[in-house]
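See below for the structure under consideration.
The values are calculated or read from the model by the stated rules, or taken from the named source; none is laboratory data. Since this is a predicted model, take the numbers as computed values, not measurements. Cβ atoms come from the backbone with ideal geometry, glycine included; neighbour counts cover every protein chain shown.
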Amino acid sequence: MTYRYRALRLLIFAAASLTVIALLSVLASAGTPKGSETKGRAYYRQMCKDCHTKGAKAGEVSPLTKTQAQWRTYFQKAKHAGGSEPLTKYMDDAKLLDVQVFLINHAADSPQPETCGK
Ligand code: HEC
């Protein structure tokens, strides 16, 4: 009798813990769009770096150019080159999402800043 009761309590505790962990991970990922960082890096190198290398006319752009919050705002507006054209001129929304994730994950104030040198 006591044993069964204890087992039940343990089960309820385990279920509650899992629920809390699941909720926390949802909260932690809020604000970070879903997308593939690996693909994003590749698209960025293929498309964006054409014009945005060091010394190029369009100026060097790397993840370090902006903070995480600034990249979020930039992709929310999704306007490029001084607001003169939409970012979708260069790739579709799905690819832009991947590029966005790459840039945010390695932004100037991110845990792993990266220049994506090329
Ligand atoms: C065909 C050349 C070209 C390509 C490709 C290109 N850009 Fe640009 N980009 C420019 C030019 C030109 C500017 C404006 C530079 C200026 O105003 O001095 C610019 C400006 C920017 C800026 C500065 C803010 C702004 O919008 O004015 C950012 C950030 C940027 N580009 C990101 C990107 C990203 C991300 C990609 C890939 C999805 C990309 N660019 C692809 C030419 C390009």
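Here is the figure for the stretch 50-68: residues that are buried (at least 17 other Cβ atoms within 10 Å of the Cβ) and more than 8 Å from the ligand (Cβ to nearest atom) total 4.
Could you list, ordered by first residue, the pairs with Cβ atoms under 6 Å in which the first is in the stretch 45-74 and in the same structural domain as Lys95 (by TED's automatic domain parsing) and the second is within 9 Å of the ligand (Cβ to nearest atom) and of a type in the set (A, V, I, L, M), at least 6 apart or interchain? Final answer for the pair search is Met47/Met91; Cys51/Ala58; His52/Ala58; His52/Val61; Pro63/Leu103; Trp71/Leu103. Listed by first and then second residue, the pairs with beta-carbon distance under 7 Å, at least 6 apart or on different chains, first residue in the stretch 82-99 and under 13 Å from Tyr43 (Cβ atoms) and touching a residue at least 24 places away in the same chain (Cβ under 8 Å), second surrounded by 13 or more Cβ atoms within 10 Å (Cβ to Cβ) and of a type in the set (D, E, K, R), are Asp98/Lys39.
Scanning the stretch 87-98 for any residue that is exposed (fewer than 12 other Cβ atoms within 10 Å of the Cβ) and in a loop (DSSP other than H, G, I, E, B) turns up at least one such residue. Checked against the criteria, Gly31 counts as under 20 Å from the mean Cα position of the chain (by Cα) and either at pLDDT below 90 or closer than 21 Å to Asp109 by Cα (or both).
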